[in-house]
Amino acid sequence: MSSFLVEKTRFEEMGLPPVKLIVVSGDIVDGSKEQDADLAKGQIDKQYETATLFLNELCTLFIGTNSQDRRNLVIVPGNHDVSRYVSERSMEQINHDEKEIEELADALWSDEADIRWSWKTLHFNKINDRNTYNTRFDDFIRFYDSFFAGIREFPKDPDRQSYLIDIPELNIAFACFNSCYQLDHLRLSGYISPRSLSALTRSLLEAKQNGRLLVGVWHHHTHGLPNENNYLDYSILDNMVQNGIFIALHGHQHISGIVNEYKDVFSEDKLKLISAGTLYGNTNDLPPAKTRQYNLLVAETFEDHCDITLYSREDSTALNVMPAWDAGTIGRSRKTSYKFTIPVTPHQSLEADETLQNSINSINLEVEKTGDIERGVNKLIDLGMEKVLVRKFVLEMLQRDNNNQTIIDLFIEPVNNNEAIAVVESCIKSNNKVALRKVLDSLFVKSSSDASLKSLITEAKFLLK
């Protein structure tokens, strides 16, 4: 806190506006590896008490002493906020014969399966008590509900742990997600419940209609090294972009700055992913040669967009008890700041747009559950191929299914670069020269100046020789 007293003065010297919002992207505590439940809970409770003291003082320093000022503090859980002792208590080791190994191994890859693998004991484990398993966030929830004291509560239902924090006076809304859905001491991958995002659709649409800057907040990063498995399944990012979220704040990887940019191949909208770094930690918590960091974001809003400048703040000491904050570099660059623009487009036809989006979300969920992509495609087509959003999701499903012929049939007259690239690739893969000639002769392909499409056209023409 002493270091942040200094920081507040530095902000003023830098000519920056006063801090209005604080975002904590998970890992409020370190957690406990104690096997005894009472000892573990005691350690975790003390850690949350310390975190509460710190966050109280941070709010007082930057955003106000009134309890209602806590509305401007945003918190989501991280993997360290999962109570390991609860997770372990909900599972038991499986004794199996050789015939069951393949079936158990296949179940490991299912998002909803109760099977886990332990590299420590080299045994399969099963969640035999789902009710206990679903309470592994209870320590975090008690902290969260106590801290906000009636201002807001953390959802108890795992499929509803996505929530919108709307702050009208700042014209901003935070879409908060628990990226630790189905995460426990044996499954480290980040995952957001698609049902929780679907349940948030109406609130997101209303926020878009009101011209809010929509900011996603969760814990996990979205990509990692080949030997890592502790990052988020990025497939849900398409839905984020479709819902108007073009900037997201996350933590987990202990590196500050913009480290990734996700592009929706259908709409070409971009999602900026901003990593928080580690505010508090020591050499055991941080990657080699990294030190404490946090981000400062300055937003300037206009009618149809928002200009955002990101500043990285880094501890210049050798991880001393009291940090000395200074300008840090962003990701692997040498930049100490980075400016970018986020579009803000109010929706005028909320009811029609909401109905279409809800229908698409429902079809997507059905496909995820049943795996019946053909049925999903037919249902989407029934919504009307003249609708841009429908065409996007139809194409996405067909590409997932590697259904080249149907892509050719439906998109032989493409209307954008994504459709053109997809149908040309499908013609090449299926060696359909008749269809290829037709698509190359289409009005859109002839008039497009897209470099990726032109490169693909050159390959296609070589095939036709």
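All of the numbers you see were taken from the coordinates with simple rules; none came from a lab. Quick caveat, the model's predicted, so the values are computed rather than measured. Counting neighbours? That spans all protein chains shown, and the Cβs are built from the backbone with ideal geometry, glycine included.
How about residue 438: which lysines have a C-alpha closer than 28 Å to its C-alpha, ignoring those fewer than 8 places off in the same chain?
Leaving aside lysines fewer than 8 places away in the same chain, those within reach of residue 438 are 379, 387, 392, 429, 446, 454, 461, 465.
What is the mean projected area of the alpha carbon convex hull for the range 114-221, to one decimal in square nanometres? Intermediate values should be presented prior to the final figure.
Details: hull surface 33.0 nm².
So the mean shadow area of the Cα hull is 8.3 nm².
What Kirkwood hydrodynamic radius, in Å, does the range 202-257 give when the mean of 1/r is taken over all pairs of distinct Cα atoms and then inverted? Spell out each step's value before the answer.
Numbers: mean 1/r = 0.0787 Å⁻¹.
Taking every pair of different Cα atoms in the range 202-257, averaging 1/r and inverting gives 12.7 Å.
What chymotrypsin sites (Phe, Trp or Tyr not before Pro) in the range 23-130 are in a loop by DSSP, with at most 13 other Cβ atoms within 10 Å of the Cβ? Could the numbers behind the result be given before it?
Numbers: sites: 48, 54, 62, 85, 109, 117, 119, 124; in loops: 109, 119.
Answer by residue number: 109, 119.
Can you classify the range 250-341 as rounded, prolate or oblate using the Cα gyration tensor, where a ≥ b ≥ c are the square roots of its eigenvalues, rounded means a/c under 1.5, and otherwise it's prolate if a/b beats b/c and oblate if not?
Values: a/c = 2.88, a/b = 1.81, b/c = 1.59.
Here the range 250-341 falls in the prolate category.
For the range 366-465, state which GluC sites (Glu not before Pro) are in a DSSP loop and have at most 14 other beta carbons lying within 10 Å of their beta carbon. List each step's numbers first, then the result.
Values: sites: 366, 368, 374, 386, 396, 419, 425, 459; in loops: 386.
Within the range 366-465, the qualifying GluC sites (Glu not before Pro) (loop, at most 14 other Cβ atoms within 10 Å) are 386.
What is the distance in Å between the Cα centroid of the range 400-432 and that of the range 40-80?
51
Rank the residues 180, 306 as a footprinting-exposure proxy: fewest other Cβ atoms within 10 Å of their Cβ go first.
Numbers: 180 30, 306 20.
In order of increasing Cβ crowding within 10 Å: 306, 180.
Output the Kirkwood hydrodynamic radius of the range 356-403, Cα pairs only, in Å rounded to one decimal.
Details: mean 1/r = 0.0960 Å⁻¹.
The answer is 10.4 Å.
Among the complete DSSP H segments of the chain, which ones combine at least 24 Å of alpha-carbon extent along their axis with a mean Kyte-Doolittle hydropathy of 0.0 or more? Walk me through the numbers before you get to the answer.
Details: long enough: 37-62 (37 Å, 0.03); 350-370 (29 Å, -0.57).
Membrane-span-like by this criterion, though nothing is claimed about a membrane: 37-62.
Can you tell me what share of the DSSP beta bridges in the chain is antiparallel? A percent to the nearest 5 is fine. Each step should come with its number before you reach the end.
Working: 39 of 56 bridges.
So the antiparallel bridges amount to about 70 percent of the total.
Between residue 232 and residues 5 or more places away or on another chain, which pairs have amide H atoms under 5 Å apart, with H built 1.01 Å from N, and which residues are they?
It is 190, 221, 222, 223, by chain and number.
Counting other beta carbons within 10 Å of each residue's own, what order do 317, 222, 301, 458 fall into, fewest first?
On the way: 317 14, 222 24, 301 17, 458 9.
Ranked by crowding around the Cβ, least crowded first: 458, 317, 301, 222.
With a ≥ b ≥ c the root eigenvalues of the C-alpha gyration tensor of the range 14-126, is it rounded (a/c under 1.5), prolate (a/b larger than b/c) or oblate?
Working: a/c = 4.29, a/b = 2.39, b/c = 1.80.
It is prolate, given that a/c is not under 1.5 and a/b is the larger ratio.
Take the Cα atoms of the chain, find their three principal axes, and give me the spread along each one in whole Å, biggest first.
Sorted from largest, the Cα extents of the chain read 71, 66, 45 Å.
Quick one: divide the alpha-carbon radius of gyration of the range 303-431 by 2.2 N^0.38 Å and tell me what you get.
Working: Rg = 22.7 Å, N = 129, 2.2 N^0.38 = 13.9 Å.
Scaled against compact globular proteins, the figure is 1.63.
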